[in-house]
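Participant: Before anything else, here's the structure in question.
Each value in this text was obtained by applying a stated rule to the coordinates, not by laboratory testing. This one's a predicted model, so the numbers in the text were calculated from it and none came from an experiment. No Cβ is skipped: glycine too gets one built from the backbone with ideal geometry, and neighbour counts run over all protein chains shown.
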Amino acid sequence: MELIRRRYRLFGVVQGVGFRPHVAQVAERFPLTGFCGNNDREVFIEVQGEAPVVEAFYAELLETLPALATVIRADVDKQDVREEKGFQIVPSVHVPGARTLLPPDVATCADCLADMADPSNRRYRYPFTTCTNCGPRLSIIRELPYDRPLTTMRDFPLCPACQTEYEDPHDRRFHAQPISCPECGPRLWTHPASEDVFAAVRQALDAGQIIAVRGIGGFHLLCDALSPRALRTLRERKNRPEKPLAIMAPTLESARTLAAFSPEEELLLTSPARPIVIAPSRGVLPDEVAPGLDDVGVMLPYSPLHHLLVDRPVAATSGNIAGEPLCFSNSQALAQLDDIADLFVLHDREIHVPVEDSVFIGTTPARRSRGYAPVPIPLPPGPSVLAVGGELKNTFTLAHDDYGHVSAHIGDMGSLATQQAFERAVEQLLSMRRSAPEVVVCDLHPDYSTSAWAARYAQRHGLELLEVQHHHAHALSLLAEHGMVTGPAVVATLDGTGYGEDGTIWGGEILTLSPTLSTAARTWHLPTFPLVGGDRAVTHPWRSALGVAAVCGLDWTPPEAPSAEVELVRSQLSSGIGTVSTSSTGRLFDAAAALLGVAPGAISFEAQAAMRLESLATAGTVSASVPDDIPALMALLLDAARPPADRARLFHAGLARIIGRELLHAADAAGTTIIGVTGGCALNRLLVADLRAVIEGAGLRLIVHEKVPANDGGLSLGQALAGRLAMS
Ligand code: ZN
Ligand code: ZN
Ligand code: FE
C-alpha cells in the first residue's frame, strides 16, 4: 500500500504534561516513522505510514491523552513522503512572546496511588505525592514560565533521589515541577498537635467532631456523613441550616451506595477533575445532609491527603464563614474557622490561588473550578477583552488570542473580601497572559458591583466599556462553548433574575440571535406577573405565588404566612405600588412550589423551593393530558384531586411543552436549527429532559451546557464573546 505523510499541530494544554513521551509511546505501537516536538503554543507531530495506520495512530493518540493534557484545537496538513527511519522526539523550541497554557489541578493518578499503597516504596503513604500526570498546578503556580522556582514548591529543594527522577526521561516524574518525597517535601501536622495525624482524624470523626483540612485549593470542613449529630453540629456552627452538604466518599463503590449515578455521571465522578456530581440519593445518608431533597452531591478523594484521611463517607463543605470567600492560608483558617473546627489538618505547601470544588448537576456544569480552570474555551480571534461576569457565582473571562480564559469560581460579590479576591485574580490572569484589554464588558444591571468595577477600570485605563444584557450573555455563553459563532440561533434563557432592556426583571425569554449573534431580539417570554418587595420576594416564595395567582385568577391564600403581611402584599398587588413586573422562570418555580405547598415560608438558600418541587416531581407520573398555557398549569397545581407528585410532574412537562413549542416557532421564523437552553433553570434536569423530548420530537437537537455553568457562573464567557463581536 502507498505511504502518506501528515503534519498535525495540536493546540491547548500540551506542555509540561508528558505529551511528547506519550506521542512516542503511541507511535511505537504502529509501523510509522516521523517525529514530534513542542513549543510554547503547540505540539507538532509528523508521521508517515500507510493511510489506515496513520489514521489509527491519530485516533489512538487523542483517545489516550495524558491526564493533564487538553487539546483545544488541531490542524492537519499533507506533506510529501520522504526517506526516514524510526520515530523521534525533537527538542522543545521556545517561541518569543508565546505564553504556555496552564494545566488545572487534577486528581492523584493510579500509578501514584500504587506508590502510596506499596510499603517498599519511598512514597508509601506520602500525602503529597505527584507526577507528570497528576497533582496541583493552577493553585500553586505564581508566575510563568511554569518552573518550580515560580511555584509555591520553591520552598522545597529536590533531594538527590527526587532530582534523579526529575532528570530521567523514562521516569514518570520527568520534568514534573511539583514532585517531592518525605525527605524533601511539605510537612503535615494537626492543630492541636497530635502524634499521628491520621489516628487523630479518625478519632475526631468517630467522636462526631468537625475537622478543617487544607487540601489542594483551600480548606474543607469535614465530619462523619453518617452521624446526624455531627452533621447538625456542622450546620449550627457554620450557620448553614438547610443548604445541601457535599459528600466525599472513599471509593466509587462507596459512592454508588449513596447515590444512583448514570454511566455518564460515573465517568465525570472518576474523571481526573473529580468534580462533585449531584445525583438521586439512595436514602442511606441522614436527612441532615440535604433536608427535604432527594438528591445528594458526591465526590471522590482527589489528593493523596484525602485518600489517606477519608475512610468513610464524610461531609465535605467549603472552609469559609458565611458570606466570606474560601480560607486557603493556615493563618486565615486558624483565625476564621476557630469556632467551627475541633481539629485542623495543616501543611506548608502554600496555595497561591484558591480553587473550589467543581460541581455538576447530573452532567450539566453548575460550578467550573478545580480540574477545569484555567483551561480556556476557544473563541474567534480579536482584540483582548476583559469580561467581568455577574454578581452571584461570579467568574470573569479574559479573551486573549483565540482563547476565552474563564476564571475559577470567585463567588458572590457581596463581601469586600470577595471583591478583593476578584481583583487579585484579574491581576494574576492579566499578568500570566501579558494581556492588556482593549475593551471591558459588564452586565446591563446598574446595581451590580461588577458593573461599577468595570466602569472604574475602563475609565482608569481609557478603555471602551460595553454593557451586555444578561440573557444575551447567557445565550452567547452557550453558543461559545459549542464553538457556534454564527447565527441565527434561538435560545431559551431561563433563570431567576436578569436586568431586562426595558428595566423590568427578565428570566423566561426566548431570544433570537442575529446572524452575527451581536443582537438578540426578545421573541417570546413567559407571561409577566407582578412581584412585591424585591429581595423579600426572592426569599419568600409565597409572594411570587400571590402575584401569579392575581394574574391567573386563582383563589389562594398562603397557609403559613403572617396574615397582616399577606394583606399588605394583596393591597400592593391591587394598587401596583412597590411592585415590579417579571417574566422570571425562577420566580414561576417559586410560585408553583408555594401553590403546591412544598415551598418553605422563607427559603434559606437559592432555588430551595424549585429544588423541592423538582424532587417531588421526580416521583410523579404524567398520566393526565398536559395543559399548554401557563394559567391552566398554575390552576392544576391547586387540583387537590391529583397526587402532589403528579401535579409537580405535570407542571414540569407543561412548562417544557410551552417553551419547546415557542422555541420551535422561533427557530422556524428565524430559519435556523440552532436551538438551545441556558440560565440557572437549565440546571433543572427534569425540565431540560422534557424540553429535549419536545425538540427531538420535531427532529431537531437541543443544545445544552457541557463546559461552562448554565447559571451566572457562565455569564462572563458570553460577555467576552459579545466583546469580540462588537470589536469585529
Ligand atoms: Zn501521578
Ligand atoms: Zn525528595
Ligand atoms: Fe442569570
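Participant: Could you state the principal axis extents of the C-alpha atoms in the stretch 551-608, from the largest down, to the nearest angstrom?
Facilitator: 30, 26, 22
Participant: Can you report the principal axis dimensions of the stretch 345-426 using only the alpha carbons, biggest first, rounded to whole angstrom?
Facilitator: Dimensions of the stretch 345-426 along the principal axes of its Cα atoms: 46, 32, 27 Å.
Participant: How do THR418, THR557 rank when sorted from fewest to most other Cβ atoms within 10 Å of their own Cβ?
Facilitator: Result, fewest neighbours first: THR557, THR418.
Participant: May I pose another question? Amide H neighbours of THR582 under 5 Å, at least 5 residues apart or on other chains, H built in the peptide plane: list them.
Facilitator: PHE529, LEU531
Participant: Now for a different question. What trypsin sites (Lys or Arg not before Pro) does the stretch 674-718 have in DSSP loop regions with at most 13 other beta carbons within 10 Å? Kindly include the intermediate steps, with their values, before the conclusion.
Facilitator: On the way: sites: ARG685, ARG692, ARG701, LYS707; in loops: ARG701, LYS707.
Qualifying residues, ordered by number: ARG701.
Participant: While we're looking at this one, here's another question. Can you pull the semi-axes for the stretch 104-209, root of five times each eigenvalue of the Cα gyration tensor, sorted largest first, whole Å?
Facilitator: 27, 17, 13
Participant: Please compute the alpha carbon radius of gyration of the stretch 137-182, then divide it by the globular-protein estimate 2.2 N^0.38 Å. Two decimals is fine.
Facilitator: The value comes to 1.11.
Participant: Related question: Under a 5 Å amide H to amide H cut-off, with H placed in plane at 1.01 Å, what residues pair with HIS525 once short-range neighbours are removed?
Facilitator: ILE510
Participant: On to the next question. If you line up the Cα atoms of the stretch 575-648 on their principal axes, what length do they span on each, largest first, in Å?
Facilitator: 41, 28, 19
Participant: Could I ask something else about it? Of the beta bridges DSSP finds with both residues in the chain, what % are antiparallel, to the nearest 5?
Facilitator: That works out to approximately 75 percent antiparallel.
Participant: Under 26 Å between alpha carbons: how many lysine pairs meet that in the chain, if sequence neighbours fewer than 8 apart on the same chain are excluded?
Facilitator: Final tally of qualifying lysine pairs is 4.
Participant: Summing Lys, Arg as +1 and Asp, Glu as -1, what charge do residues with Cβ under 12 Å from the Cβ of THR493 carry, THR493 excluded?
Facilitator: -2
Participant: Using alpha carbons only, how many degrees (0 to 90, rounded to 10) separate the axis of helix 644-670 from the longest principal axis of the chain?
Facilitator: For 644-670 against the chain, the angle is about 70 degrees.
Participant: Peptides 61-68, 668-675: what's the order by average Cβ count within 10 Å, highest mean first?
Facilitator: 61-68, 668-675
Participant: Can you classify the stretch 376-479 as rounded, prolate or oblate using the Cα gyration tensor, where a ≥ b ≥ c are the square roots of its eigenvalues, rounded means a/c under 1.5, and otherwise it's prolate if a/b beats b/c and oblate if not?
Facilitator: rounded
Participant: Computed on alpha carbon atoms, what radius of gyration and Dmax characterise the stretch 1-144, expressed in Å?
Facilitator: 17.3, 53
Participant: Sticking with this structure for a sec: Residue by residue through the stretch 63-68, what is 3J(HN,Hα) from phi via Karplus (6.51 cos²θ - 1.76 cosθ + 1.60, θ = phi - 60°)? Round to whole Hz and write x for glycine and proline.
Facilitator: Once rounded to whole Hz, the list reads 6, 10, 4, x, 4, 8.
Participant: Using Cα centres only, tell me the gap between the stretch 313-362 and the stretch 4-39 in whole Å.
Facilitator: So the two Cα centres are separated by 40 Å.
Participant: Can you pull the Rg over Rh of the stretch 180-325, Cα-only, Kirkwood?
Facilitator: 0.96
Participant: So, one more: Please list the non-local residues whose amide H lies under 5 Å from the amide H of GLY404, H modeled 1.01 Å from N, same-chain partners needing a gap of 5 or more.
Facilitator: Counting only residues 5 or more places away or on other chains, the set is ILE377, LEU379.
Participant: Next question. If contacts are Cα pairs under 8 angstrom and at least 6 residues apart, what is the relative contact order of the chain in percent?
Facilitator: Averaging sequence separation for qualifying contacts and normalising by length gives 11 percent for the chain.
Participant: With angles folded into 0 to 90 degrees, how steeply does helix 685-697 sit against the dominant principal axis of the chain? Use alpha carbons for both and round to 10.
Facilitator: Compared with the principal axis, the helix lies near 90 degrees.
Participant: Once you treat every alpha carbon in the chain as an equal point and sum by Debye, what is log10 I(q)/I(0) at q = 0.09 Å⁻¹?
Facilitator: -0.85
Participant: A further question on this structure: Compute the helix-to-body angle for 470-481: its Cα long axis versus the longest principal axis of the chain, expressed 0 to 90° and rounded to tens.
Facilitator: 30 degrees
Participant: Taking θ as phi - 60°, what are the ³J(HN,Hα) couplings along the stretch 507-517 by the Karplus curve (6.51, -1.76, 1.60), each to the nearest whole Hz, with x for Gly and Pro?
Facilitator: Residue by residue, the stretch 507-517 yields x, x, 10, 10, 9, 9, 8, 5, x, 8, 6 Hz.
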